[in-house]
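The values are calculated or read from the model by the stated rules, or taken from the named source; none is laboratory data. All values reported here derive from a predicted model rather than from experimental measurement. Glycine also receives a Cβ, built like all others from the backbone with ideal geometry; neighbour counts cover every protein chain displayed.
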Amino acid sequence: MVDFIVQLLIGAFNGISIGSVLLISALGLAIVFGLMGVINLAHGELMMLGAYTTFFVQNIFNALGDPWAQVYTIAAIPAAFLVAALVGLILERGVIRFLYGRPLETLLATWGVSLILRQLVRTTISARNVDVTAPAWLRGGLQIPTGNIPIQLPYARMFIIVLTIACVVGVYFFLNASSWGLRIRSVTQNREMSACLGIPTATVDALTFAIGSGLAGIAGCAITLLGSVGPNTGQNYIIDTFMVVVVGGVGNLFGSIVSAMVIGIVTYLIGSGTFAVLLSPMDSMQPVVAFFEFFASSSMAKVMVFALIIGFLQIKPAGIFPQKGRTAEL
Amino acid sequence: MTVNGVNQRNPKQAIARQRFIIEGITLIVLAIGMMGVLPSLLSAFQLKLLGRFLSLAIVALGIDLIWGYTGLLSLGHGIFFALGGYGLAMHLSLQLPEGQIPDFFSLYGVQKLPFFWYPYYSLPITVLLVIIVPAIVAAILGFVVFRNRIKGVYFSILTQAALLVFYNFFTGQQKLINGTNGLKTDTTELFGQVVSSPRMQWTFYQYTVLAAIAIYLLCRWLTSGRFGRLLVAIRDDENRVRFSGYDPTWFKVLVFAVSGGIAGVAGALYTVQSGIITPSAMEVAFSIEMVIWVAVGGRATLVGAVLGTLLVQYARTTLSTQFPEVWLFFQGFLFLLVVTVLPNGIVGLFNETLWPKIRGRLGFAPPALTYPSLDNDPDLQKEREQFHTTPPPDHPPQPVESLSDSVDEDRSRP
C-alpha cells in the first residue's frame, strides 16, 4: 500500500513537472492567441532563442569566475526574456500586423519566420547542439526517505516548477492589476469596442506579442535545465504547447494551467507505464494492462493523449473554459 | 463581350464550353508532350525527378481542393501521403516466395505477419486500399473535428498534432512496420521486374502523368459544378451556408476525405519512384511545405497548384544541391512573400497583370470588372439603355462606376 502511494506521488511530481514545462511554454502562446487569434508557429523558435541566450549568459558568467558562475541562471532569465521579446516585437511590427484578420496566413508567415530563425542559428552559431550545465545548486535532488524505495526529486525540476509559478503569478498580476493589463483584457474581449473607446489597439497588440514572446524566452531558459539545446529544440515543444492552448480554451489563463497539468500528469502516467504497473496485480485486468503497456513509452503516450484530447473536444469543443459569447461562431 | 457572337442566350454556358474545349486540348497536348516528347529531351535522372515532382503535384491538387476552395488549412497531409506510400510499399515487400515474411521482421523476432498486412498480398486490393485507407482516416479525423464546428487555426493545429501522432506511431512500431527504417521498395519486384529498373520507372512515370491528369479532371469536375460553389461558399461564409439549410459538416468531411485519398495516390506513386518510404514523410516540415506549393502557384486555381509544386520543387533541387543552407532561408522568405505581397500566387499575378495585356494585344476587349453575368445580362443591358448609361458600342463598358451609378439613380427616382 505504501508502495502504491509512493508510486502515485512520484507520478504526480513528474507529471506536474512535465506540466509546468508545458505551461511555461504555453503561457505566452495562450495570451497571444487569446488576444489576436494568431497562432505563432515561431513560438518554439523564440524558446530556442531564449535557450541560446542562456547558453551565452552562462559562457560570460563562467568566464567571470566562480561566484558569478553559480548565479548565471538568475541573470539568464531576464536576458532570455528581453531577447525573445525583442525578436517578437520585430516579428509583430514587421510581419504579423499586416496580416490581422487572416489567421491562416499568419500561421504560414510565422512558419516562414521559424524556418529562417532555425537556419540563422544553424549558420551563425552551429548546427550542433550546445550544452548548458546547471549550476551546482541545481544539480542533484532532494532525497525523501520512504520505506524501501528512496525517492529523489531533482532540484532542476523543482526550479522549473517554481519558475512557472512565478511566471503565472506575474502574468496574472500584470493582466489583472496593471492598466496595460486592463487594456489587453479589454481588447481580448472586444477589439472594435476597445478601439472606439480610445485604447491604442496596435500598441496593445505589439506589447502583448512582445510579452508573449518574452515568456517563450523564459521557457527556453527553463528547458536548458532538461537537456542540450539545438536549432530544432523549439520544434519538440511546439505541438504539445498548442494542445495545451486548445484544451484550455482561448484567452483563459486558468484553463491553460488546468490543461497543462492534466496533460502533463496523464502523459507521465501513461508514458511511464504506471497504470500498467498499478493494475498488474489484478488478474481480471490483464487485457487492460496489455493495452497500457502498448502505450508505455513517451512517444506512444503522445498517441494516447492525442486520442484523449480529440475525445475531450467532442464534449467541450471550445476547451475547458470556453469564452462566453452570443455569436454563432465558436 | 467576346462570346456574344457564339451564343446570345446563355453566354455563361458558352464561356464554359469554350474554356472546356481549350482546357481539354491543352491537357491532351500536355499529356503527349510529357509522355512522348520530354523523355527524349531529359536524361533518365531528370525524368525521374519530374515523375516525383508530378506525384507531389497530385498532393498539391488535393490540398488546393480543401484549402484553396474550402478554406481548410490542413497541416497534416503527410499522414495520408505516407499511408498511401506504405500501402504500396507493403504490397511490394510481400512479393516473396510462399511462406516467407519480409526480412526486417526477423530483426525484431517477429515470426508471424501482423494481421493488417494480409490484404496487401493482392495487387487490386492494395490499389484500392492505397486510396481508401487515407480517405477513411481523413474522413474520421474530419468528422470528429468538423462535427464540433472546430475550424480555422484550430483545425490546422489539430491536423498537425494528428501528424505528430502518426509519426510517433510509425517510428515507435518496429515490430509492425519497421519503425524509422521504413520500407524499401527499390529492390522489390512487381510484375516480375525490379522496381528500380529503368523500364519499371518509365512505367511509373507514365502512370504518374496519367494519374495527375485524371486527378486534375476529378478536381476540375468537383470544383466547377454546384458542389464546387458550395465549397467556396463554405470557405467564404460558413454560417450563411448553414443558415441556407445545408449542413457544411458532411461536405467538409467528404472533401477532406477526397483530398486524403488523392494524397494517398500521390504517396504511392512517389514511394515507388524514390525507392523508399519512411516515417519522415510525416514530418511536420514536409506537410507545411505542401501548403507552400499551393500558395506559390495560387490558391483556388488547380493549374496553380501543379505549377507551384513543380516550380518550388525545382528550386529546391537546384538550391539544396548547390547551397544547402540557402534553401531553408529561401523557403522561409517564400512563406513570407506569398502571404504578404503575393496572396494569389503566380497564377493570380498572371491573371491580374499579364493576361489583360496579352488579351489587349490580341485585340480582345479588356475583361469586365464586374461579374460577366451582369455585363452580358440582356435585362440589365436594356435597363442601361433606358437610363442612357450604356457606353458607346465601340468602347468597352466601364461597369463598376456606371452600373452602380445607374442603380443609385434608379433607387433615388420615385
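Brief remarks on what is shown
- Of all residues in the stretch A:108-134 being facing chain B (nearest Cβ under 7 Å) and over 15 Å from A:Leu49 (Cβ atoms), the one that is surrounded by the fewest Cβ atoms within 10 Å (Cβ to Cβ): A:Leu108
A quick yes/no check of all residues on (1) in contact (Cβ under 8 Å) with a residue 12 or more places away in the chain; (2) surrounded by fewer than 20 Cβ atoms within 10 Å (Cβ to Cβ); (3) away from every other protein chain (no Cβ under 14 Å):
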| residue | (1), (2), (3) |
| --- | --- |
| B:Val303 | yes, yes, yes |
| B:Gly308 | yes, no, no |
| B:Val312 | yes, no, no |
| B:Thr317 | yes, yes, yes |
| B:Thr321 | no, yes, yes |
| B:Pro324 | no, yes, no |
| B:Gln331 | yes, no, no |
| B:Val339 | yes, no, no |
| B:Gly345 | yes, no, no |
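- Subset of the stretch B:145-157 that is facing chain A (nearest Cβ under 7 Å) and part of a helix (DSSP H, G or I) - its residue that is nearest to the chain's Cα centre (by Cα): B:Ser156
- Qualifying helices (runs of 4 or more DSSP H) (wholly inside the stretch A:121-214; at least 1 residues being in contact (Cβ under 8 Å) with a residue 40 or more places away in the chain): A:155-177, A:179-189
- B:Phe169 in contact (Cβ under 8 Å) with a residue 60 or more places away in the chain, part of a helix (DSSP H, G or I) and either at the interface with chain A (Cβ under 10 Å from one of its Cβ atoms) or more than 20 Å from the chain's Cα centre (by Cα) (or both): no
- Qualifying position, being in contact with an Asp or Glu (Cβ under 6 Å, 6 or more places away or on another chain) and among the hydrophobic types (A, V, I, L, M, F, W, C), among B:Val341, B:Val294: B:Val294
- The stretch B:63-108, residues that are in contact with a Lys or Arg (Cβ under 6 Å, 6 or more places away or on another chain), within 22 Å of B:Leu307 (Cβ to Cβ) and not β-branched (Val, Ile, Thr): B:Gly68, B:Gly71
- Among (1) farther than 29 Å from A:Tyr268 by Cα; (2) in a loop (DSSP other than H, G, I, E, B) - the single one A:Trp68 does not satisfy: (2)
- Helices (runs of 4 or more DSSP H) wholly inside the stretch B:238-337 containing at least 1 residues that are within 30 Å of B:Pro198 (Cα to Cα) and among the hydroxyl-bearing types (Ser, Thr, Tyr): B:248-274, B:284-297, B:302-322
- Meets criteria (crowded, with 20+ Cβ neighbours inside 10 Å, in a helix (DSSP H, G or I), under 20 Å from the mean Cα position of the chain (by Cα) and more than 13 Å from every other protein chain (Cβ to nearest Cβ)) for B:Tyr216: yes
- Residue match in the stretch B:131-143 (condition: over 25 Å from the mean Cα position of the chain (by Cα), within 25 Å of A:Gly311 (Cβ to Cβ) and within 14 Å of chain A (Cβ to nearest Cβ)): no
- Answer from B:Gly24, B:Gly99 - the residue that is more than 14 Å from chain A (Cβ to nearest Cβ), modelled with pLDDT under 80 and surrounded by fewer than 14 Cβ atoms within 10 Å (Cβ to Cβ): B:Gly99
- Any pair with Cβ under 9 angstrom, 6 or more apart, that starts in the stretch A:287-310 at a residue that is within 18 Å of B:Thr180 (Cα to Cα) and more than 8 Å from chain B (Cβ to nearest Cβ) and ends at one that is of a type outside the set (A, V, I, L, M, F, W, C) and not in a helix (DSSP H, G or I): A:Phe295/A:Gly273; A:Ser298/A:Ser272; A:Ala301/A:Ser272
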